[in-house]
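Novice: Dropping a structure here in structure tokens format, bear with me for questions.
The values are calculated or read from the model by the stated rules, or taken from the named source; none is laboratory data. All figures in this text were calculated on a predicted structure; none of them were measured in a lab. All Cβ positions, glycine included, derive from the backbone under ideal geometry; neighbour counts span all protein chains shown.
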Amino acid sequence: MQIIDRGCGEPLVMIPGIQGRWEYMSPALDTLARSFRVITFALAGERTSRRTFDPDKGLDNFVEQIDAVLDDRGLVGAAMCGISFGGLIALRYAARRPERTAALLLVSTPSPAFRLKRRHRVYARAPWLFGPAFLAEIPRRVGPELERTFPAGRDRRRFSWGQIRTFLRAPWSLSRMAERSALVGRPDSLDDCRLVSAPTLVVAGDPVLDRLVPADGTSDYVRLIAGARGARIDNSGHLGYITRPEVFAGIVREFLDRPNDAAA
């Protein structure tokens, strides 16, 4: 299994979103590695992970994968940070492995009440047929966020070209994404919330700008997980961890410096 291990300091495991590739988190990884030992990987099922995905195990595929990553690096535990879909993995890990979870960070994570829209369920049933329609939606859904974050057109273009280059290096598997989408909004996420004992931070963007995962839904975790705190990346929507990586890293540093503070 390919494991990315950068920086030094307190270990922080970064879990990628539904596309399953760590490369899309690179701006956040590079910035966080100045303060932490950042460890990440491609999700089980991706070719570079060299791990199969068993549909019967669901999210527990990734629990076992994180165990393997920590064991490979000689770590008893680490802080777990999940991005979007990766937050569901981090949540499951914190619930199943409290002894190995130093802290939990959920970033723009779908709430347990989140449900795919009807057309997205159709896309997931036939990803290779409807994948182009799904991909065509993305510029419209992230456009308002990028305009707010990058008022200058040249900055928007620079960011967008960077994402295109990442896609060429680490293309999405639409079938794997469809497989993972079936794990979103499962009722056992509520049970996972009740089992979390690690200090928890819930990070969301602006509710008006996040058109991928409702930010207000992400904020539900502040209520659902005992003692959880909330934070917001201003002038961002779903992508604040990579469009404003310095701000995101500052939020993470502040939390991990004082993870046991009482909830605000």
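Novice: Mind listing whichever residues of the stretch 196-228 are touching a Gly at 6+ places or on another chain (Cβ under 7 Å) and part of a helix (DSSP H, G or I)?
Specialist: A215, V222 - these are the residues of the stretch 196-228 that are touching a Gly at 6+ places or on another chain (Cβ under 7 Å) and part of a helix (DSSP H, G or I).
Per-residue answers, yes or no, for (1) among the hydrophobic types (A, V, I, L, M, F, W, C); (2) at pLDDT below 90; (3) within 18 Å of P98 (Cα to Cα):
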site: A182; (1), (2), (3): yes, yes, no
site: D192; (1), (2), (3): no, no, yes
site: G205; (1), (2), (3): no, no, no
site: P214; (1), (2), (3): no, yes, no
site: A226; (1), (2), (3): yes, no, yes
site: I242; (1), (2), (3): yes, no, no
site: E254; (1), (2), (3): no, no, no
site: N260; (1), (2), (3): no, yes, yes
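Novice: Checking A228 against (1) more than 16 Å from D261 (Cα to Cα); (2) crowded, with 17+ Cβ neighbours inside 10 Å: exactly one of these is not met. Which one?
Specialist: That leaves (1) as the condition not met.
Novice: In the stretch 20-35, is there at least one residue being out of contact with any Leu (no Cβ under 9 Å at 6 or more places or on another chain), free of Cβ contacts under 8 Å to residues at least 60 places away in the same chain and β-branched (V, I, T)?
Specialist: No, there is no match, as no residue in the stretch 20-35 is out of contact with any Leu (no Cβ under 9 Å at 6 or more places or on another chain), free of Cβ contacts under 8 Å to residues at least 60 places away in the same chain and β-branched (V, I, T).
Novice: Could you pull out every one of the strands (runs of 3 or more DSSP E) wholly within the stretch 1-63 that has 2 or more residues that are more than 24 Å from R258 (Cα to Cα) and β-branched (V, I, T)?
Specialist: On the way: elements: 3-6, 11-15, 37-41.
Qualifying strands (runs of 3 or more DSSP E): 3-6.
Novice: What residue, among those in the stretch 195-207 that are surrounded by fewer than 22 Cβ atoms within 10 Å (Cβ to Cβ) and touching a residue at least 24 places away in the same chain (Cβ under 8 Å), is nearest to the chain's Cα centre (by Cα)? If you could, list the steps in order and put the result at the bottom.
Specialist: Restricting attention to the stretch 195-207, the residues satisfying the condition of being surrounded by fewer than 22 Cβ atoms within 10 Å (Cβ to Cβ) are 195, 197, 206-207.
Restricting the remaining residues to those that are touching a residue at least 24 places away in the same chain (Cβ under 8 Å) gives 195, 197, 206.
On the way: L195: 20, S197: 20, D206: 17 Å.
Of everything passing the filter in the stretch 195-207, D206 is nearest to the chain's Cα centre (by Cα).
Novice: Limited to the stretch 229-245, what total is found for residues that are without any contact (Cβ under 8 Å) to a residue 60 or more places away in the chain and either part of a loop (DSSP other than H, G, I, E, B) or within 19 Å of P27 (Cβ to Cβ) (or both)? First the steps, then the outcome.
Specialist: Taking the stretch 229-245 first, the residues without any contact (Cβ under 8 Å) to a residue 60 or more places away in the chain are 229-234.
From what is left, the residues that are either part of a loop (DSSP other than H, G, I, E, B) or within 19 Å of P27 (Cβ to Cβ) (or both) are 231-234.
Total meeting the criteria: 4.
Novice: Could you check the stretch 222-239 and list, in sequence order, the residues that are out of contact with any strand residue (DSSP E or B) (no Cβ under 6 Å at 6 or more places or on another chain) and not charged (D, E, K, R)?
Specialist: Our first condition is that a residue be out of contact with any strand residue (DSSP E or B) (no Cβ under 6 Å at 6 or more places or on another chain); within the stretch 222-239, this holds for 223-224, 226-227, 233-239.
Of everything in the stretch 222-239, those that are out of contact with any strand residue (DSSP E or B) (no Cβ under 6 Å at 6 or more places or on another chain) and not charged (D, E, K, R) turn out to be L224, A226, G227, I233, N235, S236, G237, H238, L239.
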